[in-house]
Amino acid sequence: MRYVASYLLAALGGNASPSAKDIKKILDSVGIEADDDRLNKVISELNGKNIEDVIAQGIGKLASVPAGGAVTVSAAPGSAAPAAGSTPAVEEKKDEKKEESEESDDDMGFGLFD
């Protein structure tokens with residue numbers, strides 16, 4: 001990721017086709033030692049490509065990646081929300097889950113900042 005970020009910084013700075021030397025200079029400025037194999041891989045993959053096009057393609061690919069585990073459930077158009085008192089089992093499960101989480105909060109004799 002650092003090599004891609006450095007490549008993008010160089011391209012943003014006006015260098016349409018950054019070399020390994022350009023990217024190493026950027027990485028050295030923040031104290032990061034460059035791995036030549038990874039650096040050459042990034043340069044070979046991006047060399048001669050328009051950065052804006054590459055970013056647009058990447059955004060298109062990211063759009064198909066599920067994120068956050070959210071599940072969308074579509075209800076039937078005429079369905080109504082359940083009544084407030086019709087889900088006692090769900091409330092019981094929430095109470096049980098709370099009790100379990102309180103028990104698991106024990107620090108087992110040590111804490112994060114002890």
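Quick rundown of the values:
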{"item": "Residues located in the stretch 4-48, provided they are touching a Ser or Thr at 6+ places or on another chain (Cβ under 7 Å) and among the polar types (S, T, N, Q)", "result": "Asn47"}
{"item": "Counted residues, the stretch 48-61 - those being free of Cβ contacts under 8 Å to residues at least 12 places away in the same chain, exposed (fewer than 12 other Cβ atoms within 10 Å of the Cβ) and either closer than 14 Å to Arg2 by Cβ or not basic (Lys, Arg) (or both)", "result": "9"}
{"item": "Some residue of the stretch 62-85 being at pLDDT below 90, part of a helix (DSSP H, G or I) and open to solvent by less than 100 Å² (accessible area, probe 1.4 Å)", "result": "yes"}
{"item": "Test: residue in the stretch 7-20 that is touching a residue at least 12 places away in the same chain (Cβ under 8 Å), among the hydrophobic types (A, V, I, L, M, F, W, C), surrounded by 11 or more Cβ atoms within 10 Å (Cβ to Cβ) and outside any helix (DSSP H, G or I)", "result": "no"}
{"item": "Residues being closer than 20 Å to Gln57 by Cα and surrounded by 14 or more Cβ atoms within 10 Å (Cβ to Cβ) - total across the stretch 21-47", "result": "3"}
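The values are calculated or read from the model by the stated rules, or taken from the named source; none is laboratory data. Nothing here was measured: the structure is a model prediction, and the numbers come from that model. Note: ideal-geometry Cβ built from the backbone for every residue, glycine included; neighbour counts use all protein chains shown. What goes into the accessible areas is simple: the full protein's heavy atoms, side chains included, and nothing from ligands, DNA or RNA. Shrake-Rupley method; radii C 1.70, N 1.55, O 1.52, S 1.80 Å.
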